[in-house]
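Worksheet for the structure shown next.
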Amino acid sequence: MNDETLRLERIAGESLYAAGVNAETIRYSFRVFERHLRGQSILELGPAEGVMTELLAGTGMSLTLVEGSQAFCASLAQRFPDARVVQSLFEDYRPDRSFDNIVLGHVLEHVLDPSALVARASKWLAADGRMLAAVPNSRSVHRQAAVLMDLLPTEDALNELDLRHGHRRVFDRASFHQCFADAGLAIEKSGGYWLKPLSNRQIEATWTPQMLDAFMQLGERYPDIAAEIYVVAKAARG
């Protein structure tokens, strides 16, 4: 294994994406992405524990999963026997087909060069395909509050949970959108979800499912300060 693969296996062994509020955030991101799915095929990059995968599989579209962690791939292949599971670093993946939808849910904050990955993946889109991506937002109200309380030095600083997840950066809207502009893609739709006023631990201790869903929806009304931001992009017309 090279250094990046070893890093991915370590993160997989400690991953919390399928737990608590994190899992609900991924499920809500599917609700957003579902509005924009098209055609018959989906490529999901970095499915991890498969929280999003389970919902994508329910669409009935053909599903290809590319994951760098051997441990995650073994679990995904067992749970989703109809999906094509490929263990590969994104930089090494060479598909033999194009895809109507490419999903990057909480991927770009992990990779060394997010613009390069978007540019590479854009070549795998079908003629009228869409790339759907979501990342944490540095302008989230909970990060702004953390700066005011001296818990973070800056809004885009990596906190304890970021480091646990293996994040390399926290985007704001401008830096996130720039990844797609650099790749020559046109942003068809962008926004946010999950208005998050407190830490995951505080929310999980006291909130009801109804409260959680309401604040997920409120993030769509106030995307600039939502905890998550998303993009739906397509090939720019010449």
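The values are calculated or read from the model by the stated rules, or taken from the named source; none is laboratory data. Predicted model, so just to flag it, every value in this text is computed and none were measured. Every residue, glycine among them, receives a Cβ derived from its backbone with ideal geometry; neighbour counts consider all protein chains shown. To get the accessible areas, we keep the full protein, side chains included, count just its heavy atoms, and leave off ligands, DNA and RNA. Shrake-Rupley method; radii C 1.70, N 1.55, O 1.52, S 1.80 Å.
General remarks:
- Subset of segment 43-102 [of a type in the set (S, T, N, Q) and without any contact (Cβ under 8 Å) to a residue 24 or more places away in the chain]: S62, Q78, Q87, S88
- Pairs where the first residue, in segment 119-136, is on the phi < 0 side of the Ramachandran plot and the second is open to solvent by 20 Å² or more (accessible area, probe 1.4 Å) and of a type in the set (K, R), C-beta under 6 Å, 6+ apart: R130/K234
- Inclusion of A127 among residues that are open to solvent by 20 Å² or more (accessible area, probe 1.4 Å), among the hydrophobic types (A, V, I, L, M, F, W, C) and assigned to a strand (DSSP E or B) is warranted.
- Taken together, L218, L198 contain a single residue that is open to solvent by 20 Å² or more (accessible area, probe 1.4 Å) and touching a His at 6+ places or on another chain (Cβ under 9 Å), which is L198.
- The one condition in (1) touching a strand residue (DSSP E or B) at 6+ places or on another chain (Cβ under 7 Å); (2) within 13 Å of Y230 (Cα to Cα) that S175 fails to fulfil: (1)
- Flag for R139 being basic (K, R) and surrounded by 17 or more Cβ atoms within 10 Å (Cβ to Cβ): yes
- Residues in segment 177-215 that are touching an Asp or Glu at 6+ places or on another chain (Cβ under 7 Å) and of a type in the set (A, V, I, L, M, F, W, C): W194, L212.
- Residues of segment 189-225 satisfying the condition of being under 16 Å from G20 (Cα atoms) and aromatic (F, W, Y): W194, W207, F215
- Test: S190 is hydroxyl-bearing (S, T, Y), touching a Phe, Trp or Tyr at 6+ places or on another chain (Cβ under 9 Å) and surrounded by fewer than 20 Cβ atoms within 10 Å (Cβ to Cβ): yes
- When residues in segment 201-214 are screened for being open to solvent by less than 60 Å² (accessible area, probe 1.4 Å) and under 23 Å from the mean Cα position of the chain (by Cα), 4 of them pass.
- A Cβ distance below 7 Å, combined with a sequence gap of six or more or placement on separate chains, defines the contacts here; from segment 151-167, residues that are open to solvent by 60 Å² or more (accessible area, probe 1.4 Å) reach residues that are at pLDDT below 85 in the pairs R164/E14; R164/L16.
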